[in-house]
Amino acid sequence: MDHQKLILDKLTNILSVTDNKSKQLLDLIDKAGRTFIGGAGRSLLVSRFFAMRLMHSGYNINMIGEVVTTAIKEGDLLILVSGSGGTETLLPFVKKAKSVGAKFVVISMKKTSPMADAADLVIQIGQDDSFPLTKGMPMGSQFELSALIFLEAVISELIHERGLTEEGMRALHANLE
């Protein structure tokens, strides 16, 4: 069996039925004072990829849960990556963001969920039937990898629309590594 083909074909199928709401997402990020990004487990790792690329693009980004993360307030944006849209440890962040007047975006495989109910924008990766059990892609791999590719495509769109350069982005890359 060609395992790379298995994975790439599955991700291609999922992304082909994903509503492309990248323009709405970028509009909310552009209008936000600051953007707070997070997730849990492997979705947290995906959210970190996206946060890093937005920072490289010149945005004011905070990762929720870090000791240096500032308080969210009105005019800010919270973006959470959550396959289920109901991750118990993330729901208090949604409540806090909404209570102070911040906007909220959820990136999920569910169109309806506790997070989707509170969201200003729901980005559903795939459709409700896009994630059957697939041997060789265990425990959320399909969602996380699809979300990662979707968000990298959002960054690609941003780079092309804004004329961002590799050199300009690299100048913002961490140099205390």
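Every read-out reported here was derived from the displayed coordinates using simple, explicitly stated rules and does not represent laboratory data. Since we're looking at a predicted model, the values are computed, not measured. Neighbour counts are summed over all protein chains in view; Cβ atoms, including those assigned to glycine, are modelled from backbone coordinates with ideal geometry.
Of the residues SER146, SER156, the single one that is surrounded by 12 or more Cβ atoms within 10 Å (Cβ to Cβ) and under 17 Å from LYS5 (Cα atoms) is SER146. For GLY85, only one of the following conditions fails: (1) buried (at least 24 other Cβ atoms within 10 Å of the Cβ); (2) at negative phi. What is its number? All conditions are met except number (2). Report, by residue number, each residue of segment 25-46 that is under 22 Å from GLY101 (Cβ atoms) and surrounded by 14 or more Cβ atoms within 10 Å (Cβ to Cβ). Result: LEU25, LEU26, LEU28, ILE29, ALA32, ARG34, THR35, PHE36, ILE37, GLY38. In this structure, GLY140 does not satisfy being surrounded by fewer than 13 Cβ atoms within 10 Å (Cβ to Cβ) and within 21 Å of ARG42 (Cα to Cα).
The residue that is farthest from GLN142 (Cα to Cα), among those in segment 6-58 that are in a helix (DSSP H, G or I) and among the acidic types (Asp, Glu), is ASP30. When the criteria are applied in full, GLU144 fails the requirement of being in a helix (DSSP H, G or I), out of contact with any Phe, Trp or Tyr (no Cβ under 7 Å at 6 or more places or on another chain) and over 14 Å from VAL81 (Cα atoms).
Is it the case that segment 65-86 has a residue that's over 17 Å from PHE150 (Cα atoms), touching a residue at least 24 places away in the same chain (Cβ under 8 Å) and in a helix (DSSP H, G or I)? Within segment 65-86 (the criterion being over 17 Å from PHE150 (Cα atoms), touching a residue at least 24 places away in the same chain (Cβ under 8 Å) and in a helix (DSSP H, G or I)), the answer is no, since none of the residues qualifies. If the condition is being assigned to a loop (DSSP other than H, G, I, E, B), within 16 Å of the chain's Cα centre (by Cα) and of a type outside the set (A, V, I, L, M, F, W, C), then segment 114-138 contributes ASP120, GLY126. No other residue among ASP128, ASP117 is exposed (fewer than 14 other Cβ atoms within 10 Å of the Cβ), of a type in the set (D, E, K, R) and without any contact (Cβ under 8 Å) to a residue 12 or more places away in the chain apart from ASP117. Within segment 47-64, being buried (at least 19 other Cβ atoms within 10 Å of the Cβ) and free of Cβ contacts under 8 Å to residues at least 24 places away in the same chain holds for one residue alone: ALA51.
Suppose we keep only residues that are of a type in the set (S, T, N, Q) and within 17 Å of MET115 (Cβ to Cβ) within segment 32-71. Which one would you say is nearest to the chain's Cα centre (by Cα)? Ranking the qualifying residues of segment 32-71, first place goes to SER47.
Taking segment 141-160 only, how many residues are of a type outside the set (S, T, N, Q) and without any contact (Cβ under 8 Å) to a residue 40 or more places away in the chain? Qualifying residue count, segment 141-160: 1.
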